[in-house]
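Written below as structure tokens is the structure these notes are about.
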Amino acid sequence: MKRHYIILSIFCVILVIAPTHLTAKQKTKGKGGTLSKHMFNSKGPIHIVSNRLDADNKKRIISFSGHVVVKRSTLTMTCDRLTVKYSPKGGEISQITAEGNVVIKQPPRSATCEKAVFFQKTNKVVLIGNPILSEGKNKVTGSKVTFFLDSDKTIIEGGKKGRVSTTIVPKSQMVPFKAKP
């Protein structure tokens, strides 16, 4: 019974951490919105499909592996492995790690990377391994993206392999500047 409780609580909480808070704002010039407004703003039941589920109650780890697909409302995340670590006290989630070909979609927004780590205690999400954030034709890339969920702050860092790159496509055509005589 305890095992079923832990697994059920994991399913219920896996994407509750990120969906209600995670945002990455990048203002566009002129009229428009944000590059990735409320990327993970989803509600409803969570459905996880994988080739394998391993629960190690001694180590307090639940691992999903093999073509992992997580769906919640309009949000879909795919990865090779999803690992959930939980505390001994009440089975609270401490960390969720998605690894290998991580793709997070909530049309028209998406994020890709090799590893995404959700830290419950600090309410922070870190994307590493060629992270790319996009919304329509707007795109931001770097070597590391850190979302601070409590403060709605995002830091995108360049690295040894390159700098931060941002492409912003305005939603409306810009009116040519006309100087007054």
ask   = What ranking of 82, 53 emerges when the number of other C-beta atoms within 10 Å of each C-beta is taken as an exposure proxy, fewest first?
value = 53, 82
query = FRET efficiency for residue 163 and residue 117, Cβ-Cβ distance as r, R0 = 35 Å, nearest 0.05?
reply = 0.95
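First measure r as the distance between the Cβ atoms of residue 137 and residue 47, then evaluate 1/(1 + (r/R0)^6) with R0 = 30 Å and state the FRET efficiency to the nearest 0.05.
Details: r = 30 Å, r/R0 = 1.01.
Between residue 137 and residue 47 the formula returns 0.50.
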request  = Could you calculate the FRET efficiency of residue 171 with residue 85 from 1/(1 + (r/R0)^6), where r is the beta carbon distance between them and R0 is 30 Å, rounded to 0.05?
outcome  = 0.15
inquiry  = Run the simple label-point estimate for residue 148 and residue 69 please: 7 Å along Cα→C-beta, distance reported in nm.
reply    = 3.8 nm
Ranked by how many other beta carbons lie within 10 Å on average, peptides 120-130, 62-72 from highest = 62-72, 120-130
remark   = Once both label points are put 7 Å beyond Cα along the C-beta direction, the residue 103-residue 130 separation in nm becomes 1.4 nm
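Every number here is computed from the coordinates shown, using simple stated rules; none is lab data. This one's a predicted model, so the numbers in the text were calculated from it and none came from an experiment. Note that each Cβ is placed from the backbone with ideal geometry, even for glycine, and that neighbours are counted across all protein chains shown.
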